[in-house]
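Comments concern the structure below.
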Amino acid sequence: MVFRVLTPWRPPGARVLRRCLVVLAILGSCSQSDPRIPYGVMQLVYYQGPVRPEERFSFFVIAEDDDGIENLDELYLYHDREGLRWTLSAEDWITLEEGGVTWIGSRAIAMAGEDTLPRGQYRAVLINKGGAKTERTFSFDAPAEPRYPFPRLTLHEGDYRIASRYPEHFLICYDETGSLITTLKVKTLQGSLASMELPAQVKAVSLWAWDGEYETAALTDVLALP
């Protein structure tokens, strides 16, 4: 079986979302024909690498267009100081609905090789099918080094054990095709899989460890259920 590692995306907290909705209300009072980016966010995820944890990033923006989300065509992410650019087309990006607003973006922003993504100021540029565009800058200030050691998940004879210093933990559950089934919050760092009440179709799991203070996470490799 081939399991695709599909990371859950955690949108900004309630306080950030309320700020976004206020911005949306202000923008909604004006008639605009250009696309709009009221807000953008990047979240850091550490993946299990052969030598050390590897960095990948979720990049999402609230996207608006008077002619509908289907009128949007391309989304660019720039780090001007380092001369970097990532390109997402309407066929590439992920669309998410949260709190009545639409987010578009990717969970797979990364650097080539073992390079880490530079911190600092980024610029998002959104273009619609008519060629009109808008941009928004925002800062990404994730820790330069992991705050915690990379977590470890082990399964043995129906039990699970988590070695982790992260504040929160979730089991990401997959079916036999590798598709994401559900995400379950873990209350204790060890216990029986039966206590997690996994759906019957779950055949493998990975661990998602979450640090809400710094909007960073760690995702372990997928393990088949014993």
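The values are calculated or read from the model by the stated rules, or taken from the named source; none is laboratory data. Everything quoted here is computed from the prediction, not taken from an experiment. Neighbour counts are summed over all protein chains in view; Cβ atoms, including those assigned to glycine, are modelled from backbone coordinates with ideal geometry.
Key figures
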{"quantity": "Residues (under 19 Å from residue 219 (Cβ atoms) and touching a residue at least 60 places away in the same chain (Cβ under 8 Å)) located in region 155-176", "calculated": "155, 170, 172, 174"}
{"quantity": "Long-range neighbours under 6 Å by Cβ, at least six apart or interchain, first residue crowded, with 17+ Cβ neighbours inside 10 Å within region 38-55, second assigned to a strand (DSSP E or B) and β-branched (Val, Ile, Thr)", "calculated": "38/62; 39/62; 40/61; 44/216"}
{"quantity": "Residue satisfying all of: in region 190-226; assigned to a loop (DSSP other than H, G, I, E, B) and of a type in the set (S, T, N, Q); farthest from residue 58 (Cα to Cα) among these", "calculated": "201"}
{"quantity": "Residue within region 81-97 that is farther than 26 Å from residue 218 by Cβ, aliphatic (A, V, I, L, M) and not assigned by TED's automatic domain parsing to the domain that holds residue 184 present", "calculated": "yes"}
{"quantity": "Index of the failed condition, residue 178 passing every other in (1) over 24 Å from residue 62 (Cβ atoms); (2) assigned to a strand (DSSP E or B)", "calculated": "(2)"}
{"quantity": "Lone unmet requirement of (1) modelled with pLDDT of 85 or more; (2) under 30 Å from residue 221 (Cα atoms) for residue 38", "calculated": "(2)"}
{"quantity": "Positions within region 111-147 being surrounded by fewer than 15 Cβ atoms within 10 Å (Cβ to Cβ), hydroxyl-bearing (Ser, Thr, Tyr) and touching a residue at least 24 places away in the same chain (Cβ under 8 Å), in sequence order", "calculated": "116"}
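Here's the yes/no breakdown for (1) acidic (Asp, Glu); (2) more than 30 Å from residue 70 (Cα to Cα); (3) in contact with a helix residue (DSSP H, G or I) (Cβ under 9 Å, 6 or more places away or on another chain):
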site: 115; (1), (2), (3): yes, yes, no
site: 118; (1), (2), (3): no, yes, yes
site: 143; (1), (2), (3): no, yes, no
site: 161; (1), (2), (3): no, yes, no
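Per-residue answers, yes or no, for (1) at pLDDT below 90; (2) in the same structural domain as residue 54 (by TED's automatic domain parsing); (3) in contact with a Gly (Cβ under 6 Å, 6 or more places away or on another chain); (4) part of a loop (DSSP other than H, G, I, E, B):
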residue: 103; (1), (2), (3), (4): no, yes, no, no
residue: 107; (1), (2), (3), (4): yes, yes, no, no
residue: 112; (1), (2), (3), (4): yes, yes, no, yes
residue: 121; (1), (2), (3), (4): no, yes, no, no
residue: 125; (1), (2), (3), (4): no, yes, no, no
residue: 145; (1), (2), (3), (4): yes, no, no, yes
residue: 162; (1), (2), (3), (4): no, no, no, no
residue: 170; (1), (2), (3), (4): no, no, no, no
residue: 188; (1), (2), (3), (4): no, no, no, yes
